[in-house]
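This report concerns only the one structure given below.
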There are 2 protein chains.
Amino acid sequence: MKQSQLFMPTLRELPSDAEVKSHQLLLKAGYIRPMAAGMFAYLPLAQRVLNKIEGIIREEMLAVNANEMSVPEILPAELWKRSGRYEAYGPELYKFQNRQKRDFILGPTHEETFTELMGSEIKSYKKLPLLVYQIQTKFRDENRPRFGLLRTREFIMKDAYSFSADQEGLDKAFRNMEAAYVKIFARIGLDYRIIVGDAGAMGGSDSKEFSAPAAAGEDTIVYSDATDYAANLEMAKDFYESKPFEGEEEPLEKFATPNEKTIDELAEKLDVPASSLAKTVVATNEAGQLVAIVTTGDFEVNLVKVQNFLNIGDLELADEGAVKAALGAGFGSLGPVGLPDDVTLLVDQRAADLGNFVAGANEDGQHYRNINWKRDVDLQDDQVGDFRLAREGDLAVDGKGKLNFTRGIEIAHIFKLGTRYSKVLGATVLDQNGRSVDMVMGSYGIGISRLLSAIAEQKGDDEGLVWPAAVAPFDVHIVPINLKDADQAKMTDTLEASLKSQGLDVLVDDRKERAGVKFADADLIGIPVRITVGKKAAEGVVEVKVRANHTNFEMRVSEIEDSISVLLRGEEN
Amino acid sequence: MKQSQLFMPTLRELPSDAEVKSHQLLLKAGYIRPMAAGMFAYLPLAQRVLNKIEGIIREEMLAVNANEMSVPEILPAELWKRSGRYEAYGPELYKFQNRQKRDFILGPTHEETFTELMGSEIKSYKKLPLLVYQIQTKFRDENRPRFGLLRTREFIMKDAYSFSADQEGLDKAFRNMEAAYVKIFARIGLDYRIIVGDAGAMGGSDSKEFSAPAAAGEDTIVYSDATDYAANLEMAKDFYESKPFEGEEEPLEKFATPNEKTIDELAEKLDVPASSLAKTVVATNEAGQLVAIVTTGDFEVNLVKVQNFLNIGDLELADEGAVKAALGAGFGSLGPVGLPDDVTLLVDQRAADLGNFVAGANEDGQHYRNINWKRDVDLQDDQVGDFRLAREGDLAVDGKGKLNFTRGIEIAHIFKLGTRYSKVLGATVLDQNGRSVDMVMGSYGIGISRLLSAIAEQKGDDEGLVWPAAVAPFDVHIVPINLKDADQAKMTDTLEASLKSQGLDVLVDDRKERAGVKFADADLIGIPVRITVGKKAAEGVVEVKVRANHTNFEMRVSEIEDSISVLLRGEEN
């Protein structure tokens, strides 16, 4: 393609409102433009990258016999009401009415749609397993869209769904899809980790997240420095061996703590470590039900673990007014003794091992000492779990190595949904014995548009974007210095034709611009191989630049045809 | 691909709620399923057809240097308010608010979006012309969605936009795009006509519509039996040579018509032809402004011509209450004499040639005779035009041949928009002389999803769908009768591998079904070439069926590799 006809509005200045590198580079190089908050136009260079990524995904999905199809983007609200997500999804769900005043939503994901479709079309286990997927625009009304393509209100997803007759079928589909994703990301040329994900968000039992390490990532990846254990911070577990309290139980005793509002103040007053005190945090769900979580005083509660433990969504910290109304005291004086019956009590495993311990008395300015779980609270085993927010330096859950933290971008997430959706939507098949069973499902997403940001974060440098050859908008960028020079013009045409005949995508900078402008734009847009046609054209010599490693060298044009595939691969070093 | 892993829910019975052939066949063959009124899932076979159509479009767009890109589907209402279409588009525009209570719409088309983008990025004529396009889901809240993919609330469009510095640039872009569309539809293998379209709907000056003749078409195509003149009914013109009235003007006279409510009753009472009487029709726009259109009594008013004449949108016939309130009489007694000043009067060219004619007196049960335009109405030349709804048998506008009618499906529409959008949205460039000029635009749409229906209407037969090879979901359908037979199994594998190595898409029916079921499904889904591997596999012989022309013949399997391209072409006979 000729660059004079390519819509590629590069900028000379870094856009001031872009916080992270990928956002800055994609704007500056003319790949994207914001059209509203959190909604972007993908300009032609970005579209070419998207098309190449989608091509790779289609090939790898075909290789595992996944069926490409597509369902509507507008969904009847009724379907999501039946699954319970119409309310549970929260304000990020776009809701509206059509001209007949019927309720609809814009789909952020399509578990319900595919479940309903398969439930009505598939009646026998003999037709299973089936794998279906689509590549489609999705919608999520983010409160604070930011970081360019990383958190947007409209984005492109590949969402796949597997339908099996039993758990073994799901396990196999899940393994196949994971393997296909590994191939996809290897072909794209992106660095990533597979980590333990939060399956609860999708109502599933088990999930793996593909995370691309990058400074701009919104997620914290927790990984062991000794094994390949890695997890999203919200799922990360550390090592703990239970040591139940076996000392003598002292009498329960209330005492005044008028000035001690925090655990640290309390620890200082009592001259004990925070880890020996109990801290009580109260959370609420959308319905206003309260959950009190007791931990030792030295770490933070991980609400995602609490949600998954209770198998509910949307927990958040309760405000002090609601807490005081229900428990009788404000923050700083809460504790497990004498909780109202309608407040659910959960206790972290470390706190459950405390004895003769101190906690708030649910009375402002008062604490108890010498609390003991069985005697004073009647704690049951099924109220105890791991609710700790992991910390850097913790011993990893397998007892080997320490946990390290890094930032990551979630680029894919695969879920074992089980029967979460098929059960409530009535998607059943008859099994070998003629019994009706719920289909066992998985769902498998790739965030396609955010992959552009992930690649830009990982590969971009001071001069601009750097695309792996497999997803670059063009393979080769031919930059003639002066097209009025007959030798240069002729060599440009010959080279373009010869490379195109090899099936390569070639961009020719035919603009009437100074060489400096052309080179700066070329570095900025990041095509893997640049061939400069200049004064030595008459001698049959051009200059080659490999964008990724900044190498520049002269080459006889006659050698290029043979060496181009090596040059393109070289880009990935 | 193996058919056992393809999601292809064919039906044995014709769906009762589908009115037209294409809708019936696409449902029955497992290509589409309704997910809500006017919203369909494209199942895997349909998705394959869509992908092939999109591939052809991409190639032909690249050949004319059009840039693929994409803009958001959710658009800020503010942009459409500025262009005036937020109100003018009517109730088919999906409107909603986001969580911050800001107004948005779902894009049914994107003239405004691209105009704003190009207006902000392109500053000089030197960067023009530019051609951009996208392939995207569009939304239109149809009051009565029907006919399967022909009238839906969510559909796939290819929409392209050209930006030029002057009218010559637009003319050239329009010609290039028309030529590209001709190539696209030739490659797809669809019958179509290029007809005069209604440019007014998009605010343009000139348009051409690509219409696929089909019984299920919602449009009436009017064409000359002598020339290549063809137009949408709403735009069709017939031949008329003006013969101004030159007789003696008789005195104006009111007379009672108590029982004559229609033109026919009046013509009978007066014993004159309806063509000598004036009929007055009153229309209203959304703002309630009235337009009275006078025609001769023998034909119908074409409101689209009236809209385009006045350069407004959304005219519809006024109800009798509004008419009576404004003009003083109900239907049957309306006329041009003594109209209120705030009612716009337009007169069809034939009616303008009447003299001493009869029309209603705007008084119930009263008419005038001997009306003469200059004397009684003060008619001006700029109130006269062609407002006739063409009729089959009319002389064509060039005076050659008669107009015939047929039904057609609008598959594409290309518009010269001129400066309709660039002017109101401020999209200007500096021209050669440094003056700011409005960009001159065109817009070019292809209805991709409805192409499936158009092809199904034109090509489908009693057995099912018939796909032209270029867009068929698979090229070859291999149907082994019995895969437990070692010869058949081996030949099936060999054939599949050999055809795939030629780059062909091959579907293998590996299901454990009776031969009759396999054949019926094969005919239904309409893959161009079917190869049946049966008892003669041991002898190296298979049976070939060309779906389009129902030919069946035996062939040595060794010959297939060489003859497959001929067989695929043969399909288009």
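All of the numbers you see were taken from the coordinates with simple rules; none came from a lab. In this text, all values refer to a predicted model and were calculated from it rather than measured experimentally. All Cβ positions, glycine included, derive from the backbone under ideal geometry; neighbour counts span all protein chains shown.
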Exercise for review: List every residue whose amide H lies under 5 Å from the amide H of B:Ala216, counting only residues 5 or more places away in sequence or on a different chain, with H placed 1.01 Å from N in the peptide plane.
Suggested key: none
Exercise for review: Could you run the Karplus curve 6.51 cos²θ - 1.76 cosθ + 1.60 with θ = phi - 60° over region A:334-343 and give me ³J(HN,Hα) per residue in whole Hz, x for Gly and Pro?
Suggested key: 8, x, x, 7, x, 6, x, 4, 8, 9
**Study point:** Peptides A:462-468, A:521-527 ordered by average Cβ neighbours within 10 Å, highest first
**Key:** A:521-527, A:462-468
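What is the average number of partner chain Cβ atoms found within 10 Å of a Cβ in B:3-15?
On the way: counts 0, 4, 8, 3, 12, 3, 7, 0, 1, 0, 0, 0, 0.
Average per residue, whole number: 3.
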Point to revise | More than 20 angstrom apart: percent of Cα pairs within region B:361-440 | key: 72
Exercise for review: Along Cα-to-Cβ, 7 Å out, sits the label point; list in nm, shortest first, how far the one on A:Ser501 is from those in the other copies.
Suggested key: 2.6
Exercise for review: Take the alpha carbon atoms of region A:474-570, find their radius of gyration, then divide it by 2.2 N^0.38 Å using N residues; give the quotient.
Suggested key: 0.96
**Study point:** region B:174-280 - Kirkwood radius from inverse mean 1/r over Cα pairs (Å)
**Key:** 18.5
Check your understanding: With θ set to phi - 60° and the Karplus curve 6.51 cos²θ - 1.76 cosθ + 1.60, what are the ³J(HN,Hα) couplings of region A:83-94 in order, to the nearest whole Hz, using x for Gly and Pro?
Key -> 7, x, 8, 4, 8, 5, 5, x, x, 7, 7, 6
Exercise for review: Principal axes first, then extents: for the Cα atoms of region B:1-137, list largest minus smallest coordinate on each axis, whole Å, largest first.
Suggested key: 59, 40, 28
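Listing A:Glu539, A:Glu13 from the residue with the fewest other Cβ atoms within 10 Å to the one with the most, what is the order?
A:Glu13, A:Glu539
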Exercise for review: Give me the percent of Cα-Cα pairs in the protein assembly as shown that sit more than 51 Å apart, rounded to a whole number.
Suggested key: 38
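How well do other chains shield peptide B:37-43, expressed as the mean number of their Cβ atoms within 10 Å of each residue Cβ? Present the calculation step by step, with values, prior to reporting the outcome.
Values: counts 4, 3, 7, 3, 12, 6, 8.
Counting Cβ atoms of other protein chains within 10 Å of each residue's Cβ and averaging gives 6.
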Revision key, fill the gap. Calc'd 3J(HN,Hα), region B:157-172, phi into Karplus 6.51 cos²θ - 1.76 cosθ + 1.60 (θ = phi - 60°), Hz, glycine/Pro = x, comes to 10, 9, 10, 10, 9, 10, 10, 10, 8, 7, 5, 4, x, 5, 4, 5
Review point. Running Debye on region B:40-121 with equal point scatterers at the Cα sites and no solvent, what base-10 log of I(q)/I(0) appears at q = 0.17, 0.21 Å⁻¹?
Key: -0.89, -1.01
Point to revise | Value of Rg to Rh for chain B (Rh from inverse mean 1/r over Cα pairs, i.e. Kirkwood) | key: 1.07
Practice item. Kindly give the distances from B:Glu218 to its copy-mates, label point to label point, with each label point 7 Å from Cα along Cα→Cβ, as nm values to one decimal ordered shortest first. Key: 3.9
Review point. If you bin every alpha carbon distance in region A:209-260 into 10 Å steps from zero, what whole percent lands in each bin?
Key: 16, 27, 16, 19, 20, 3
Review point. Using all Cα-Cα distances in region A:339-394, what percent lands in each 5 angstrom bin from 0 up to the longest?
Key: 4, 15, 23, 26, 18, 9, 5, 1
Study note, to complete from the structure: With DSSP loop assignment and no more than 15 other C-beta atoms within 10 Å, the chymotrypsin sites (Phe, Trp or Tyr not before Pro) in region B:1-56 are none
Exercise for review: Find the Rg to Rh ratio for region B:253-385, where Rh is the Kirkwood radius over alpha-carbon pairs and Rg uses the same atoms.
Suggested key: 0.93
**Study point:** Cβ-based charge dipole, the protein assembly as shown, positive-most Cα from B:Ser4, B:Asn372, A:Met8
**Key:** B:Ser4
Exercise for review: Scan around B:Lys279 for amide H atoms under 5 Å from its own, H built in the peptide plane at 1.01 Å from N, and keep only partners 5 or more places away or cross-chain.
Suggested key: B:Thr295, B:Thr296, B:Gly297
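How shielded is B:86-93 by partner chains, expressed as the average number of their Cβ atoms within 10 Å of its Cβ atoms? Walk me through the numbers on the way to the answer.
Numbers: counts 0, 0, 0, 0, 1, 3, 1, 1.
Shielding by partners across B:86-93 averages 1.
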Point to revise | Distances in nm from A:Glu539 to the matching label points in the other copies, shortest first (labels 7 Å along Cα to Cβ) | key: 7.2
Revision key, fill the gap. Given backbone amide H placed at 1.01 Å from N, residues whose amide H is under 5 Å from that of B:Arg33, ignoring those fewer than 5 places away on the same chain, are B:Ala41, B:Leu43
Point to revise | Nearest beta-carbon to the B/A symmetry axis - residue in chain B, distance in Å | key: B:Phe96, 2
